[in-house]
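Colleague: Before we start, here is the structure in question, set down as structure tokens.
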Number of protein chains: 2
Amino acid sequence: MTINSTIQEMATAARDAAGKLVRISTNQKNAALLSIAAYLEKEAAFIKEENRKDLVKAEEIGISSAMLDRLTIKDTTLISMVDGLRDVEALKDPVGTMGPAWIRPNGLQIARMRIPLGVIGIIYESRPNVTVDATGLCLKSGNAVILRGGSEAFHSNQALAAIIDQALDHVGMPQNSVQVVPIRDREAVSMLLNQEEFVDLIIPRGGEGLIRFVVENSKIPVLKHYKGVCHVYVDADADLDMAQEISFNAKVQRPGVCNAMETLLVHHSAAESFLPAMAKRFTEAGVELRGCAKACRILSDVKEAQESDWAAEYLDLILTVKVVEDMDDAINHIARYASNHTDAIVTRDYDRARRFVREVDSSVVLVNASTRFNDGGQLGLGAEIGISTSKLHAFGPMGVEELTTTKFVVLGSGQIRE
Amino acid sequence: MTINSTIQEMATAARDAAGKLVRISTNQKNAALLSIAAYLEKEAAFIKEENRKDLVKAEEIGISSAMLDRLTIKDTTLISMVDGLRDVEALKDPVGTMGPAWIRPNGLQIARMRIPLGVIGIIYESRPNVTVDATGLCLKSGNAVILRGGSEAFHSNQALAAIIDQALDHVGMPQNSVQVVPIRDREAVSMLLNQEEFVDLIIPRGGEGLIRFVVENSKIPVLKHYKGVCHVYVDADADLDMAQEISFNAKVQRPGVCNAMETLLVHHSAAESFLPAMAKRFTEAGVELRGCAKACRILSDVKEAQESDWAAEYLDLILTVKVVEDMDDAINHIARYASNHTDAIVTRDYDRARRFVREVDSSVVLVNASTRFNDGGQLGLGAEIGISTSKLHAFGPMGVEELTTTKFVVLGSGQIRE
């Protein structure tokens, strides 16, 4: 069978499963999630054995130790997969819930009912845990899912697919509700991106290269973010101790993730008192600073930032620092260089807090809190399948509700149009 | 200047205007809508003069009388444009509204704030009233808009653009909030569809050919529906008088629109008593019936439908009729042939009403009411910019709220991630 016909068959089967999944109750979906969790625990040895094959191959090719780490399924990885499924099981089921109903003058009663999107395609890189996490979120939200993990995790993902299959079969879930693409060739991705008739949404997760490839080649809507160039703006009359804690946390607590701060903006009237102590703390933590001309005058041993630095997502212990004239200057800088991901203000001023919240065009805007809170779990969504900086549909972290949409339900008693 | 650079300049200018529009209050936006309405009334003679140029050209080419009718700006057309703007002015402004806020254990207060999408591109055919209607909805929802009407309405749209420009200037709205593409060449459409960096959403309005062209060529998300193949299912124990009124209304009241019924499904136990009288009424109204084998046995002078008939959007006085075994048969037929647009059941049975509502995958599902109610105005959204059968973002009629999305607002008091 060709790659094309395999993918086409998977897409058709997924559409068929999606049609059946709308008839499945919350109890059945929850039972399915717990069944997968139980099977994962039971088959731990098999999973680690298959994972070993991927690790041996990866070591042969000589991938980086960071990638090797992401690829490895340890006992703790398995525990967190299983815990994740149980967390999602405990979430409220959004499907079938209805918003407020209103009445039209002719007596029609109208409301929006939440429904699954249908078929979701997930394209991701080395972490095999995505296979399980995405399965949990998609099933809970009533969607069929086609998963395509990285070729370096091929055996791990096939093993997880086999276990998920058994677990779903055991509780009588519709066949092909969850499918893992059994093809290493990248052509499978291109083929999947062509199935606009059967697949409703593509979510790519991984590096900017993968995401750009998906966006360029997809005929299906894509929810994604390319990168997180996040800012903290320290306002004129900010509480400077709070500003220091927030800035330090935003940069240093976990520098390699998308919601870490990349640029610190400081109001000129606060710069002299704020920057020296802040810079000292950053330097002690191993952070390399790159400043604007004014910042460099205050911090004599900091080198000047290049134009390209302001748009960079370092994902590392590097930070650009800019002294701004006022909040307009800060907002304009964010509009120009940020990535609509996460931006924060530290202030005591009521009007400026309100203006910052309204005018900064980011999926999460924070007042007096660290950028690191842009995360489905931290914001109370329960779990997330990713963060979107696409303005349509879902903007920000996406939980189970963001894997659904709404239809209109109209209840009448014989109404016709005049 | 090349077409490409003109469109690129318009897109950049629109992005700039969008940045300013988030700072504009509801009062200012409402003043802008009323200003456009007043200018349209003042410049009625000029608009009709420019419209005349398009009509003369159209007559030379020899377009159909239906198209000529859509192209003509009559006094009543102007009145309905102006009334439309005043209706939109009276709607609630969705921008800046916030949903329920929740508190995290660490004290963070979180809510979703509704924000404009940014820049919207609208691509449409002959009706020049879309220029004004879309302007009203986009401005009310805080979006900048780029409008590209049909080349046959070129002078009319340029005249409307000039008037809108003056009207917005008069009340100090940001420049380039509303732009009409001043290029007849279709290449302008392709160029606009490439501006993914600056344009957030494309809405095509027109025939299926135009919409398919836009979807094929757009790098920007598109909200659209191709067609409306709408069904009415008359259940076993339906009130047959009600079923007849609803079916007749759904087919005959305005057959040329997307929410008109194209296929009537009848439960076999109701067919003998329902179909003869129904068919007689349809035939008297000039409706041509095409039936399945069973329907043809009951209605002796009805010809048999071809396979292609079941998926057809006639937009005309033609109707396919199918006798189904039960509701599953009806739901399966709808899943196979309908267009996710509008489908209705007529029933007295509680369980089947609930199941139909849940399992039929259409943007509007109705119980005991005509399909003709899938319309923003009829459903109480105030006004609509179109109907979406794309499952993402907005599914169904799109009012001002559907031209917005939400961002997360997080209010803290110094919280950092542990």
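Read the figures in this text as sums done on the coordinates, not as results from a lab. Owing to the predicted nature of the structure, the values given are computational and were not obtained by experimental measurement. Don't worry about glycine lacking a Cβ; one is built from the backbone with ideal geometry, like all the others, and counts go over all protein chains shown.
Colleague: What is the projected area of the convex hull of the Cα atoms of the protein assembly as shown, averaged over all directions, in nm²?
Modeller: 37.4
Colleague: What's the ranking of B:221-234, A:102-115, B:17-30 by average number of surrounding C-beta atoms within 10 Å, highest first?
Modeller: B:221-234, B:17-30, A:102-115
Colleague: If I build a Gaussian network model for chain B, linking alpha-carbon pairs within less than 10 angstrom, which residue out of B:I79, B:I211, B:I61 has the largest mean-square fluctuation?
Modeller: Most flexible of the set in this elastic network: B:I61.
Colleague: For a quick check of your reading of the filter: which GluC sites (Glu not before Pro) in the range A:282-383 sit in a DSSP loop and have no more than 14 other Cβ atoms within 10 Å?
Modeller: Here the GluC sites (Glu not before Pro) that fit, given the DSSP loop and packing criteria, are A:E325.
Colleague: Here's a follow-up. Per residue of B:387-397, count partner chain C-beta atoms within 10 Å of its C-beta, then hand back the mean as an integer.
Modeller: For this peptide, the per-residue mean of nearby foreign Cβ atoms is 5.
Colleague: Taking each residue in A:109-117, count the Cβ atoms of any other chain within 10 Å of its Cβ, then average. What number comes out? Each step should come with its number before you reach the end.
Modeller: Details: counts 2, 8, 0, 2, 3, 0, 7, 2, 3.
Taking the mean over all residues of the peptide, I get 3.
Colleague: May I ask you to list the residues of the range B:71-90 whose amide nitrogen lies under 11 Å from a point 7 Å from Cα along the Cα→beta-carbon direction of B:V56?
Modeller: None, by backbone N distance to the label point.
Colleague: Sticking with this structure for a sec: For the range A:230-378, what's the relative contact order in percent, using C-alpha pairs closer than 8 Å and at least 6 residues apart?
Modeller: Values: 277 pairs, mean separation 49.6, N = 149.
The value is 33 percent.
Colleague: Quick one: among B:P100, B:P397, B:P255, which has the greatest mean-square fluctuation in a GNM of chain B with alpha-carbon springs under 10 angstrom?
Modeller: B:P100
Colleague: So what are the three principal axis dimensions of the range A:296-380 from its Cα atoms, in whole Å, longest to shortest?
Modeller: 40, 29, 21
Colleague: Now for a separate question. Summarise the partner chain shielding of A:356-364 as one whole number: the mean count of Cβ atoms from other chains within 10 Å of each residue's Cβ.
Modeller: 5
Colleague: Right, something else. Pick out which of B:G150, B:G99, B:G376 has the largest mean-square fluctuation in a Gaussian network model of chain B, springs linking Cα atoms closer than 10 Å.
Modeller: B:G99
Colleague: For the range A:9-76, which semi-axes, largest first and in whole Å, follow from the square roots of 5 times the eigenvalues of its Cα gyration tensor?
Modeller: Working: eigenvalues 221, 63, 20 Å².
Taking √(5λ) for each Cα gyration eigenvalue gives 33, 18, 10 Å.
Colleague: With unit charges on the beta carbon (Lys/Arg positive, Asp/Glu negative), name the residue among B:M242, B:V287, B:I298 whose Cα is farthest towards the positive pole of the charge dipole of the range B:230-378.
Modeller: B:V287
Colleague: A follow-up question, please. For chain A, what class follows from the C-alpha gyration tensor (a ≥ b ≥ c being the square roots of its eigenvalues): rounded when a/c is under 1.5, otherwise prolate if a/b is larger than b/c, else oblate?
Modeller: In terms of gyration-tensor shape, oblate.
Colleague: At B:D237, with labels set 7 Å past Cα in the Cβ direction, how many nm apart are the copies from this one, shortest first?
Modeller: Nearest first, the other copies' label points are 7.1 nm away.
Colleague: Can you give the charge dipole size of the range A:230-378 about its Cα centre, rounded to the nearest 20 debye, using +1 on the beta carbon of Lys and Arg and -1 on the beta carbon of Asp and Glu?
Modeller: On the way: 16 positive and 25 negative charges, 37 e Å.
It comes to approximately 180 debye.
Colleague: Under the convention of a label 7 Å out along Cα→Cβ, give the distances in nm from A:R417 to the same position in every other copy, shortest first.
Modeller: For A:R417, the other copies' label points sit at 5.1 nm, shortest first.
Colleague: While we're here: Which shape class, rounded, prolate or oblate, goes with the range B:230-378 when its Cα gyration tensor gives a ≥ b ≥ c as root eigenvalues, a/c under 1.5 marks rounded, and past that a/b bigger than b/c marks prolate? List each step's numbers first, then the result.
Modeller: Details: a/c = 1.36, a/b = 1.14, b/c = 1.19.
Since a/c stays below 1.5, the shape of the range B:230-378 is classed as rounded.
Colleague: Which residue in B is nearest the B/A rotation axis when you measure from the C-beta atom, and what is the distance in Å?
Modeller: Result for the B and A rotation: B:H393, 2.
Colleague: Separate question: Run the label-point distances for B:R104 please: 7 Å along Cα to Cβ, every other copy, nanometres, shortest first.
Modeller: Inter-copy label distances (nm, one decimal, shortest first): 4.2.
Colleague: Put a dot 7 Å past each Cα toward the Cβ at B:E41 and B:R354; how far apart are the dots in nm?
Modeller: Using points 7 Å along Cα→Cβ, the separation is 5.3 nm.
Colleague: Which pairs break 19 Å Cα to Cα here: A:K20/A:K224; B:K251/B:K322; B:K48/B:K224; A:K227/A:K303?
Modeller: Where the Cα-Cα span goes over 19 Å, the pairs concerned are A:K20/A:K224; B:K48/B:K224; A:K227/A:K303.
Colleague: By its C-alpha gyration tensor, with a ≥ b ≥ c as the square roots of the eigenvalues, how is the range A:344-397 shaped: rounded for a/c under 1.5, else prolate for a/b larger than b/c, else oblate?
Modeller: oblate
Colleague: Then there is this: Using the count of nearby Cβ atoms within 10 Å as a rough guide to exposure, how do A:M1, B:M81 rank from fewest to most? The partial results should precede the final answer.
Modeller: Working: A:M1 8, B:M81 24.
Starting with the residue having the fewest Cβ neighbours, the order is A:M1, B:M81.
Colleague: Between A:A277 and A:A335, what FRET efficiency follows from the Cβ-Cβ distance if R0 is 35 Å, with the result rounded to 0.05?
Modeller: The computed FRET efficiency comes out at 0.75.
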